[in-house]
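Chemist: I have a structure I would like to understand better, so I am pasting it below and will then ask my questions one at a time.
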Number of protein chains: 2
Amino acid sequence: MKAPESAAQPPGTSPLLVLRRVGIDTYKENVAYLHRDCAVYRAEGFQALSKVEVRANGRRILASVNVVDDVCIVAAGELGLSEDAFAQLAMEEGHSVSVSQAEPPLSIPALHRKIAGERLTHDDFRHIVQDIAEHRYSKIELTAFVVACNQSELDREEVFFLSDAMSRVGRKLDWREHPVVDKHCIGGIPGNRTSMLVVPIVAAHGMLCPKTSSRAITSPAGTADTMEVLARVELPFEQLTEIVRAHRGCLAWGGTSDLSPADDVLIAVERPLSIDSPGQMVASILSKKIAAGSTHLLLDIPIGPTAKVRSMPEAQRLRRLFEFVAARMGLALDVVITDGRQPIGNGIGPVLEARDVMRVLENHPDAPNDLRQKSLRLAGRMLEFDPDVRGGDGFAIARDILDSGRALEKMRDIIAAQGIKAFDPESPPLAPLSFEVKAPTTGTVIGIDNLQLARIARQAGAPRAQGAGVDLLAKLGSPVRSGDVLYRVYAAFPTEMEFARQSCERASGFQIGDAAALPSVFVEF
Amino acid sequence: MKAPESAAQPPGTSPLLVLRRVGIDTYKENVAYLHRDCAVYRAEGFQALSKVEVRANGRRILASVNVVDDVCIVAAGELGLSEDAFAQLAMEEGHSVSVSQAEPPLSIPALHRKIAGERLTHDDFRHIVQDIAEHRYSKIELTAFVVACNQSELDREEVFFLSDAMSRVGRKLDWREHPVVDKHCIGGIPGNRTSMLVVPIVAAHGMLCPKTSSRAITSPAGTADTMEVLARVELPFEQLTEIVRAHRGCLAWGGTSDLSPADDVLIAVERPLSIDSPGQMVASILSKKIAAGSTHLLLDIPIGPTAKVRSMPEAQRLRRLFEFVAARMGLALDVVITDGRQPIGNGIGPVLEARDVMRVLENHPDAPNDLRQKSLRLAGRMLEFDPDVRGGDGFAIARDILDSGRALEKMRDIIAAQGIKAFDPESPPLAPLSFEVKAPTTGTVIGIDNLQLARIARQAGAPRAQGAGVDLLAKLGSPVRSGDVLYRVYAAFPTEMEFARQSCERASGFQIGDAAALPSVFVEF
């Protein structure tokens, strides 16, 4: 074999193109735009959606090809990159880049074995997670991984492999002390803002509690969304570290995508599919806690007819899976199974929830008692991670810290440190439009649908519109008369108001009936 | 509940936007481009990748949102559509369109049940396939469906449900005669161009054989790619119908996407994942044959160490699945299991394969005998679908038709009817660059890797470059001396030449050894 005379360039290289930023946000999927007449596109035989490797100055990223027929977007000698991809390559426009067929990610054979239903090894998961974190998987491959792991349920060793691999690909924090405590709820209960009470209580006691909180993904508010009503939450990493060291806690986090980059990528397909399998939930939560440097974790699993977990056997299975994986990862874990039959507190949506939280901290007479009690119980369990606290004493210590105003003081310190925003819980900045939903009959509230109320609050604009959401005036067990207001919906825009109203008309989310029909709940504390 | 005074428009509608075509080919996925400052985008709270419904003049399509920051692509008052999506909506630029959150496809709960591993009903498959054919599924949802069906293997009733649903969503042909015969190979064997011999033979006998052939998806040439060397293959549907009626056969098809639109969509995710599960293969093939109006089908399942099917038990399982589903669909099916140990014929790539086919038709002394023999056997079996042909007589009839020149004459008629292209099999228009791969030792060829030779031919440019590919000078059982040429590779461009050469250096695809080590094959005919 002899190289043909006409081979003008070294093997494997291709002519250079001029880099151009294309102002399109393709959300976590890198897209490379090549003009249909581009010589490289023609010579390399890329097809639409081919994966290519873009190289410049020793940097390289992967992207999917979209073919362009408009020179205003990219010309024949240019390579366009979507916004995320452009940021990842981190080169100036006009720079020379080369592009070639991407070798398939090395972990693809392992992915195919998982699709075929096989059990994967620790190394398989390490390679897959590495490729995912480095954006080497297409959306199709990501989905295939998520669905394959979901369907032939991962065994618990595999969940450990996945969690461990996910915790290792990102940044890892080391607080250089012990214990470092955190709490987490598996989600699904609107208004459940216990973190904003537990963190000040636990930090006031002196334990280090660098809470990693997130924005809402499918819910009407996440802890970060609600905290943002009171304080800045997007802070540079170094400033947050200082706040945590100075005040023993924080309620803000900008770094979760650094801490578990694979999780950040996977969520882009899990969210639209509404897939939340036990294995993926455990891996997502525990990998982030380990990466954030936590040594102790209190996990809240709410159960109820419209919660994520709907029966005690299911909750116990999930608890055992969390316990097995946490133990393998060296994380001390305490699991509480809580009442998830209805929303916690009165407000659903950032402003309304911030009002509830501040009222509890201020020992205000209108503070929602369920939010107070649950927060005290969780904080009490966390305090018992302190070797100097006797088993059973945590609740009383937590209550003392709250009742004495030390929790409020700690919260004010944290708010001031993060950057205070003006907020008066007694005149909260609610969205301007509202309507009321009233009881159609007289009776007792015997059911509140978490999913429907979350949907209504989101349709009303939460969390994007901070003042939008739902304010509950009745809870499970409340006696109501026909025409009494069950809840008020707040919205910022007429369209959103209308969407929410239509939902309420289809299903209010409230069930009125005989007090005897009130479902009982057996939860652990 | 009372509508707020400020509600300026009827519920559920949104302000109108101006339609714009965005010159980006997003390959089967509809994308809607909205500017980040677009009032609708802000008010509706679309997120990146949200699915939206675009409506204009009573027409509606679904699309995924990409957010744009460049008014040259779309301005704030415009809605941009990718090329496919724009064509689907079939409206002029500048037309007013409205856009709103898309309701999730109604079949999504069924998809979730399949992801959870449940068995689906006939209705479930009907709804899923309908939504897929109407482009209501995102790429993520399509992948989830394909992987879920692949992993918890569909049972044979489900394969029938899927096949039946797929055959019903598209156009259905009715030739108003009986039998209407077709043949199909499950693929995987390079150079296997038997259709181009079988169709003229069977049509010369007088049977109606409107062969539905396709372009290469992952192979170095499909029948349509090879036929395109000899004749036009992209013809309007009406013209093709006329040709079939006049000549009893054709070797072109433009309408497969009309015949099985769901298959056309699914392939966009199956291809990048290289998923080809038995259930999906059966549904894809049989749904298209039924929609094309076939009453009888001859199916070719090659087996060999580098074929799609690698053992006789596996081939028999696949045969039984095809037979079960075909029977339920009312299609008469005959399955032959053939020798798939090596490529068929000498050439791999459109021009080289067209040369082989024409030499067989012309009874040329250099015609590849394996291609001739296999085609005669398949044609013979198809002729036996004719109630007037006695079992066992088919082969001799086929051989008469070929040897007498009647098959060549029929092929010339079909070529002329479709639109002839200049082609001389004795001086084929090969690609200009070439190199040879030689035997490293003396011995017998005891193995030829189908996959590696297909890969080399593709890297050399086939089928895009018609004259590119691989020309085999030795086949299984050939005695070779060290330095003898095993095959020649033809390429159109230096880069491609280099890619192919690197592949050959890594693995030539040929195994030379002792004649006794030649694997035997037990196939049925």
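The values are calculated or read from the model by the stated rules, or taken from the named source; none is laboratory data. Every value quoted in this text rests on a predicted model; they were computed, and no experiment measured them. In this analysis, Cβ positions are derived from the backbone assuming ideal geometry, glycine residues included, and neighbour counts consider all displayed protein chains.
Chemist: For segment B:478-487, check the following and say yes or no: at least one residue is in a loop (DSSP other than H, G, I, E, B) and at pLDDT below 95.
Modeler: Checked segment B:478-487: no residue is in a loop (DSSP other than H, G, I, E, B) and at pLDDT below 95.
Chemist: Identify, please: which residue in segment A:169-183 is under 19 Å from the mean Cα position of the chain (by Cα) and among the charged types (D, E, K, R) and is, among those, nearest to the other protein chains (Cβ to nearest Cβ)?
Modeler: Among those that are under 19 Å from the mean Cα position of the chain (by Cα) and among the charged types (D, E, K, R), it is A:Arg171.
Chemist: While we're looking at this one, here's another question. Can you name the number of the only condition in (1) over 16 Å from B:Glu436 (Cα atoms); (2) surrounded by fewer than 19 Cβ atoms within 10 Å (Cβ to Cβ); (3) within 14 Å of chain A (Cβ to nearest Cβ) that B:Asp514 fails?
Modeler: (3)
Chemist: I'm trying to understand the selection: among the residues of segment A:183-221, which are among the aliphatic types (A, V, I, L, M) and under 20 Å from A:Gly380 (Cα atoms)?
Modeler: The answer is A:Ile186, A:Met196, A:Leu197, A:Val198, A:Val199, A:Ile201, A:Val202, A:Ala203, A:Ala204, A:Met207, A:Leu208.
Chemist: On the basis of being surrounded by fewer than 20 Cβ atoms within 10 Å (Cβ to Cβ) and assigned to a loop (DSSP other than H, G, I, E, B), does B:Glu234 make the cut?
Modeler: yes
Chemist: Run B:Arg245 past the list (1) under 12 Å from B:Ala417 (Cβ atoms); (2) touching a helix residue (DSSP H, G or I) at 6+ places or on another chain (Cβ under 8 Å); (3) of a type in the set (D, E, K, R) and report the number of the one that doesn't hold.
Modeler: Going through the list (1) under 12 Å from B:Ala417 (Cβ atoms); (2) touching a helix residue (DSSP H, G or I) at 6+ places or on another chain (Cβ under 8 Å); (3) of a type in the set (D, E, K, R), B:Arg245 breaks only (2).
Yes/no matrix, rows are residues, columns are (1) surrounded by fewer than 15 Cβ atoms within 10 Å (Cβ to Cβ); (2) at pLDDT 95 or above; (3) of a type in the set (Val, Ile, Thr):
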{"position": "A:Lys374", "(1), (2), (3)": "no, yes, no"}
{"position": "A:Arg377", "(1), (2), (3)": "no, yes, no"}
{"position": "A:Arg381", "(1), (2), (3)": "no, yes, no"}
{"position": "A:Arg390", "(1), (2), (3)": "yes, no, no"}
{"position": "A:Ser404", "(1), (2), (3)": "yes, yes, no"}
{"position": "A:Ile414", "(1), (2), (3)": "no, yes, yes"}
{"position": "A:Leu433", "(1), (2), (3)": "no, yes, no"}
{"position": "A:Ala439", "(1), (2), (3)": "no, yes, no"}
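Chemist: Can you say whether A:Lys51 is within 9 Å of chain B (Cβ to nearest Cβ) and over 26 Å from A:Asp37 (Cα atoms), as far as the supplied structure shows?
Modeler: On the way: within 9 Å of chain B (Cβ to nearest Cβ): yes; over 26 Å from A:Asp37 (Cα atoms): no.
No: the conditions fail for A:Lys51.
Chemist: Go through segment B:104-146 and give me each residue that's among the acidic types (Asp, Glu) and either assigned by TED's automatic domain parsing to the domain that holds B:Leu34 or touching a Ser or Thr at 6+ places or on another chain (Cβ under 9 Å) (or both).
Modeler: B:Glu118, B:Asp124, B:Asp131, B:Glu141
Chemist: Residue check, A:Lys183 against (1) among the charged types (D, E, K, R); (2) within 20 Å of A:Met329 (Cβ to Cβ); (3) touching a helix residue (DSSP H, G or I) at 6+ places or on another chain (Cβ under 6 Å); (4) assigned to a helix (DSSP H, G or I), all met but one. Which one?
Modeler: (4)
Chemist: Give the residue, chosen from B:Leu259, B:Leu162, that is buried (at least 24 other Cβ atoms within 10 Å of the Cβ) and under 15 Å from the mean Cα position of the chain (by Cα).
Modeler: Numbers: B:Leu162 fails: under 15 Å from the mean Cα position of the chain (by Cα).
Result of the check over B:Leu259, B:Leu162: B:Leu259.
Chemist: Please find, among A:Asp471, A:Asp400, A:Asp424, the residue that is part of a loop (DSSP other than H, G, I, E, B), of a type in the set (Asp, Glu) and either surrounded by fewer than 22 Cβ atoms within 10 Å (Cβ to Cβ) or modelled with pLDDT of 95 or more (or both).
Modeler: The conditions single out A:Asp424.
Chemist: Further question on the same structure: Which one is modelled with the lowest pLDDT among residues in segment A:1-47 that are part of a loop (DSSP other than H, G, I, E, B) and within 16 Å of A:Ser96 (Cα to Cα)? Write out each step before concluding.
Modeler: As a first pass, look at segment A:1-47 and keep what is part of a loop (DSSP other than H, G, I, E, B): A:1-16, A:22-23, A:26-30, A:36-38, A:45-47.
Filter once more, so that each one left must be within 16 Å of A:Ser96 (Cα to Cα): A:13-16, A:22, A:38.
On the way: A:Thr13: 50, A:Ser14: 57, A:Pro15: 68, A:Leu16: 86, A:Val22: 95, A:Cys38: 82.
Taking the candidates together, the pick is A:Thr13.
Chemist: Quickly run through segment B:68-80 and pick out the residues that are buried (at least 24 other Cβ atoms within 10 Å of the Cβ) and within 10 Å of another protein chain (Cβ to nearest Cβ).
Modeler: B:Val68, B:Val74, B:Gly80
Chemist: Return the residues of segment A:89-141 that are at the interface with chain B (Cβ under 10 Å from one of its Cβ atoms), within 21 Å of A:Ala283 (Cα to Cα) and surrounded by fewer than 21 Cβ atoms within 10 Å (Cβ to Cβ); say none if nothing qualifies.
Modeler: Listed by number, the residues that qualify are A:Ile108, A:His112, A:Gly117.
Chemist: Residue under question is B:Pro190, and the condition is that it be touching a strand residue (DSSP E or B) at 6+ places or on another chain (Cβ under 7 Å) and crowded, with 24+ Cβ neighbours inside 10 Å; does it hold?
Modeler: Yes, satisfied.
Chemist: With A:Pro313, A:Pro305 as the choices, which residue is outside any helix (DSSP H, G or I) and farther than 17 Å from A:Leu286 by Cβ?
Modeler: Exactly one of A:Pro313, A:Pro305 is outside any helix (DSSP H, G or I) and farther than 17 Å from A:Leu286 by Cβ, namely A:Pro305.
Chemist: Also, quick follow-up: For the condition of a type outside the set (A, V, I, L, M), surrounded by fewer than 23 Cβ atoms within 10 Å (Cβ to Cβ) and within 14 Å of chain A (Cβ to nearest Cβ), what is the one hit in B:Glu153, B:Glu157?
Modeler: Result of the check over B:Glu153, B:Glu157: B:Glu153.
Chemist: Could you tell me which of the residues A:Gly461, A:Gly443 is buried (at least 22 other Cβ atoms within 10 Å of the Cβ), at positive phi and in contact with an Asp or Glu (Cβ under 7 Å, 6 or more places away or on another chain)?
Modeler: It is A:Gly461.
Chemist: Moving to a separate point now. Can you confirm whether segment A:493-505 contains a residue that is closer than 30 Å to A:Gln316 by Cβ and either free of Cβ contacts under 8 Å to residues at least 12 places away in the same chain or in contact with a strand residue (DSSP E or B) (Cβ under 8 Å, 6 or more places away or on another chain) (or both)?
Modeler: Checking segment A:493-505: not a single residue is closer than 30 Å to A:Gln316 by Cβ and either free of Cβ contacts under 8 Å to residues at least 12 places away in the same chain or in contact with a strand residue (DSSP E or B) (Cβ under 8 Å, 6 or more places away or on another chain) (or both).
Chemist: Among B:His247, B:His296, which is farther than 18 Å from B:Asn192 by Cβ, surrounded by 20 or more Cβ atoms within 10 Å (Cβ to Cβ) and either among the polar types (S, T, N, Q) or in contact with a strand residue (DSSP E or B) (Cβ under 8 Å, 6 or more places away or on another chain) (or both)?
Modeler: Within the list B:His247, B:His296, the selection yields B:His296.
Chemist: Those residues that are under 30 Å from the mean Cα position of the chain (by Cα), away from every other protein chain (no Cβ under 12 Å) and either β-branched (Val, Ile, Thr) or outside any helix (DSSP H, G or I) (or both), I need them from segment B:431-455; list them, please.
Modeler: Correct list: B:Gly447, B:Ile448, B:Asp449.
Chemist: If you scan segment A:490-505, which residues turn out to be more than 8 Å from every other protein chain (Cβ to nearest Cβ), assigned to a helix (DSSP H, G or I) and buried (at least 21 other Cβ atoms within 10 Å of the Cβ)?
Modeler: Of everything in segment A:490-505, just one residue is more than 8 Å from every other protein chain (Cβ to nearest Cβ), assigned to a helix (DSSP H, G or I) and buried (at least 21 other Cβ atoms within 10 Å of the Cβ), namely A:Ala500.
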